[in-house]
1. Among the residues of region 287-296, is there at least one that is over 26 Å from GLU82 (Cα atoms), touching a strand residue (DSSP E or B) at 6+ places or on another chain (Cβ under 7 Å) and touching a residue at least 60 places away in the same chain (Cβ under 8 Å)?
2. Output the residues belonging to region 83-100 that are closer than 24 Å to SER140 by Cα and surrounded by 15 or more Cβ atoms within 10 Å (Cβ to Cβ).
3. List every residue pair whose Cβ atoms sit under 7 Å apart, with the two residues 6 or more apart in sequence or on different chains, where the first one lies in region 152-163 and is without any contact (Cβ under 8 Å) to a residue 24 or more places away in the chain and the second, anywhere, is surrounded by 16 or more Cβ atoms within 10 Å (Cβ to Cβ).
4. Do we have GLU298 as in contact with an Asp or Glu (Cβ under 8 Å, 6 or more places away or on another chain) and open to solvent by 10 Å² or more (accessible area, probe 1.4 Å) here?
5. So if I check each of TYR357, TYR394, which one is within 21 Å of ASP57 (Cβ to Cβ) and among the aromatic types (Phe, Trp, Tyr)?
6. Return the total of residues in region 342-401 being of a type in the set (Ser, Thr, Tyr) and in contact (Cβ under 8 Å) with a residue 40 or more places away in the chain.
7. Exactly one condition in (1) more than 28 Å from VAL275 (Cα to Cα); (2) touching a Lys or Arg at 6+ places or on another chain (Cβ under 9 Å) is false for HIS202; which is it?
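The values are calculated or read from the model by the stated rules, or taken from the named source; none is laboratory data. This one's a predicted model, so the numbers in the text were calculated from it and none came from an experiment. Virtual Cβ from ideal backbone geometry, glycine too; neighbours counted across all protein chains shown. Side chains included, ligands, DNA and RNA excluded: accessible areas come from the protein's heavy atoms. Shrake-Rupley method; radii C 1.70, N 1.55, O 1.52, S 1.80 Å.
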Amino acid sequence: MKERIVIVGGGAGGLELATQLGRKLGRNGKAQITLIDRNTTHLWKPLLHEVASGALDSRLAEVDYRGQSAREGFQFLIGTLEYVDKEAKTVTLAAINNNEGEEVLSSRDVPYDRLILALGSVTADFGTPGVQDNCYFLDSLKQADAFHSELLNEFLKVNQALEDGKDAELSLAIVGGGATGVELAAELIHSVSLLSIYGLKHLDKTHFKVRLIEAGERLLPALPERLSNSVLKKLRKLGVEVILSNPVKEVTKNELCLSEGEPVRADMMVWAAGVRAPDITQSWNLNTRKNNQIEVNEYLQSISDSAIYAIGDCAACRIDNERWVPPRAQSAHQMAECLYKNILREYGGREPKPFRYKDRGSLVSLSRFSAVGNLMQSKSVSMSIEGTLARWAYASLYRMHQRALHGWWKMFLILLVDKLNHAVKPRLKLH
């Protein structure tokens, strides 16, 4: 009987792994590869801030799971993971209802021989009162689209007020000085600079206030301090007000209450501070950390059940006694690659190799204005880059993800199509 390999979560790691296993084991009938996700399409998560700001039309960057599965030799099932039965070796998918509440698909059990959890992560609110009710999150395409829709409404409202001769301003606050918060702030400034091209001639940077609030002493702690300071200067030059070392203690309607000083008022608020694995990982009697990550051994197997694996942001994998693999896209890619090779090694009668995380550095884009980063050559040698070179390096991360999904030739074709779309499509999505 063919082994049933079930992958739950079609993010960067999960979809890459399903694609690779489908090519090698699914196409020739050596194993049954099944990918499960609650959505029908995949979007590389680091692009969500561009969708939110209008810099990217998500329809041009999505990968259809069913189309990918048909091409690459795996099966796709739509569904939301509800329960993992370790004894029966099944996962339960919640019922699917339509917009009227009518049941389309009833709850289903999917059997597995090997289960790989690639559930990703969600933004952590650290129990801060009012965050869930008053802030936007950018954990999914649905959330990014919701933010973008409201942003457009605010653009129209403020522009009309200014056209009518009224004194108006659009204020937006972002909590979290990591990559998402920094990149979103820069993209929003760029978006407003384009509004006059599309008829909104009154709303410009002088009537648009962006505040970035970070609890720590500096932005982007994953980068060297010199680059962090460089980003701070660039953001302030763009007009972003950066508030450091001042945690948010409560969020009310249109207001952030800080630990020190006056509250920050904002028409829209985005929470992008910290990440954690989904709460549901606590429901299956698997060993987890406080941030809900599933603890795995050096072969990425759950320390509670050798038939269950975890990769990407939901996996707690040790680098050493004091450090854990960070929740980054490069981590998910490396874990997926390691697990793929190990499964092939097992099918070839060889022993698996332990996962070894290699820090390739960090890259941060400041929209069309600049980019910064450090590229790790070894544990002790790194190269800091800024400007055009950093922008090329940042763009290459997404292209490498496309290469893993489609191969070199299709990746180059997609690159060509993207260039053509850039030439004919609006520079800002205003619908």
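1. Applying the first criterion (over 26 Å from GLU82 (Cα atoms)) to region 287-296 yields none.
No; the residues of region 287-296 include none that is over 26 Å from GLU82 (Cα atoms), touching a strand residue (DSSP E or B) at 6+ places or on another chain (Cβ under 7 Å) and touching a residue at least 60 places away in the same chain (Cβ under 8 Å).
2. So the first thing to find is which residues in region 83-100 are closer than 24 Å to SER140 by Cα, and the list is 83-84, 91-100.
Those that are closer than 24 Å to SER140 by Cα and surrounded by 15 or more Cβ atoms within 10 Å (Cβ to Cβ): VAL84, VAL91, THR92, LEU93, ALA94, ILE96.
3. From region 152-163, the pairs are ALA161/ALA168.
4. no
5. On the way: TYR357 fails: within 21 Å of ASP57 (Cβ to Cβ).
Residue meeting the stated conditions: TYR394.
6. Within region 342-401, the subset of a type in the set (Ser, Thr, Tyr) is 347, 357, 362, 365, 367, 370, 378, 380, 382, 384, 388, 394, 396, 398.
Narrowing further to those that are in contact (Cβ under 8 Å) with a residue 40 or more places away in the chain: 347, 357, 362, 365, 367, 370, 382, 384, 398.
Looking only at that region, the number is 9.
7. If we test HIS202 against (1) more than 28 Å from VAL275 (Cα to Cα); (2) touching a Lys or Arg at 6+ places or on another chain (Cβ under 9 Å), just (2) comes out false.
Let's see how each residue does on (1) surrounded by 18 or more Cβ atoms within 10 Å (Cβ to Cβ); (2) without any contact (Cβ under 8 Å) to a residue 60 or more places away in the chain; (3) under 30 Å from LYS425 (Cβ atoms):
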residue: ILE7; (1), (2), (3): yes, no, no
residue: THR19; (1), (2), (3): yes, no, yes
residue: GLU102; (1), (2), (3): no, yes, no
residue: LEU119; (1), (2), (3): yes, no, no
